[in-house]
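Engineer: Have a look at the structure that comes next, please.
The numbers here are math on the coordinates, done by the rules we state, and not lab data. Keep in mind that this is a model prediction, so the values were computed, not measured. Here Cβ is always computed from backbone atoms with ideal geometry, including for glycine, and neighbour counts include all displayed protein chains.
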Amino acid sequence: MSEDKSFIGASVIRGEIDLIQEIENIGRELKDLISRINGHTSDLPDGSNLSTNSESKRWASIGETNLQQGLMAIKRAVEKPETF
């Protein structure tokens, strides 16, 4: 009995599309979370320590960058691009 290769390929592609959509959905959720964190660091009360506020913003920025890199890496793992 011969296997229908086109069906197998279609299911792999569908699985990849589903994974990519899930990664993108998680990315949107993380972007919303980062926005809320940035709002929180901006809403520190008057007279708060300026260095603490700056440090909080810096760490939020580092976290955002690392999350973006992680999402790009796992998306690339699913897409398996043939280019650099």
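Engineer: Suppose R0 equals 35 Å. What FRET efficiency, 1/(1 + (r/R0)^6) with r the Cβ-Cβ distance, do Ile74 and Ser54 give to the nearest 0.05?
Structural biologist: The formula returns an efficiency of 0.70 here.
Engineer: Give the order of Thr52, Thr83 when sorted by the count of other beta carbons within 10 angstrom, beginning with the fewest.
Structural biologist: So the residues, fewest neighbours to most, are Thr83, Thr52.
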